[in-house]
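Enquirer: Let me give you the structure first, and then I'll get to my questions.
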Amino acid sequence: QSGIAMALTKLGMALIADGKDLMAESRLRESLAQSSEMGFRIAYPTCLLGLPGVALCRGNLERGARLLGASLAIQEGIGGHYHPADQVFFEQLFERLRSSLPEDPRMALIKKGESMTIAEAVEFAIP
């Protein structure tokens, strides 16, 4: 099951790169829901990393910034680092936010995401 959740996450991230945000969102939410049901916490940061990409594709900068902050905080909280490909994706998302939002509101939104618990982040990501 955990392999399926990670495959769905990677598929979702590939779909974002291909501009297919509706399909990406569906796969990413499914992955996050499966990971949550299984308690597969190590998958949360990557699942949550894809969803800001969906939000940014749709022009929802606030949601994207909060989800990006949540992903980063959870990743740091489990003591890990993003896979190199995921780190590149993170940096691309951060750059999109940096070029779209002034620093103060951008950092405030990211910090708001960082302050979420895992349960709050999952609930926010899967409304």
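The values are calculated or read from the model by the stated rules, or taken from the named source; none is laboratory data. In this text the structure is predicted, and so the values were computed from the model without any measurement. As a convention, Cβ positions derive from the backbone with ideal geometry for all residues, glycine included, and neighbour counts pool all protein chains shown. Calculation scope for accessible area: heavy atoms of the full protein, side chains included, ligands and nucleic acids excluded. Shrake-Rupley method; radii C 1.70, N 1.55, O 1.52, S 1.80 Å.
Enquirer: Given the Cα-Cα distance of Ser26 and Arg58 and 0.36 nm per residue of separation, how much length would full extension add, in nm? Kindly include the intermediate steps, with their values, before the conclusion.
Expert: Working: separation 32, 0.36 × 32 = 11.52 nm, distance 1.43 nm.
Between Ser26 and Arg58, full extension yields 10.1 nm more.
Enquirer: Tell me what the chain gives for mean residue ellipticity at 222 nm when only DSSP H runs of n ≥ 4 count, each as -39,500 (n - 2.57), the sum divided by the residue total, rounded to 500 deg cm²/dmol.
Expert: Details: 7 runs with 102 residues, N = 127.
Result for the chain: -26000 deg cm²/dmol, rounded to the nearest 500.
Enquirer: Within 10 Å, count the other beta carbons around each residue, average over each peptide in 73-80, 101-108, and list them highest first. Please report the intermediate quantities before stating the final value.
Expert: Working: 73-80: 15.5, 101-108: 13.2.
Taking the mean over residues of other Cβ atoms within 10 Å, the ranking is 73-80, 101-108.
Enquirer: If I take every Cα pair under 8 Å that is 6 or more residues apart in the chain, average their sequence separation and divide by the length, what percent do I get for the relative contact order? Each step should come with its number before you reach the end.
Expert: Details: 166 pairs, mean separation 31.1, N = 127.
Reported as a whole number, the value is 24 percent.
Enquirer: Follow-up question, since we're still on this one. At 7 Å along Cα-to-Cβ for each site, give me the label-to-label distance between Glu37 and Ile78 in nm.
Expert: Rounded to a tenth, the inter-label distance reads 1.8 nm.
Enquirer: Would the range 55-124 count as rounded, prolate or oblate if I go by the C-alpha gyration tensor, calling it rounded below 1.5 in a/c and otherwise prolate when a/b exceeds b/c, oblate otherwise?
Expert: Details: a/c = 1.71, a/b = 1.19, b/c = 1.44.
Oblate.
Enquirer: Additional query: In whole percent, how big is the carbon plus sulfur part of the accessible area of the chain, probe 1.4 Å, protein atoms only? Write out the running numbers ahead of the final one.
Expert: On the way: 3520 of 6420 Å².
The C+S portion of the solvent-accessible surface of the chain is 55 percent.
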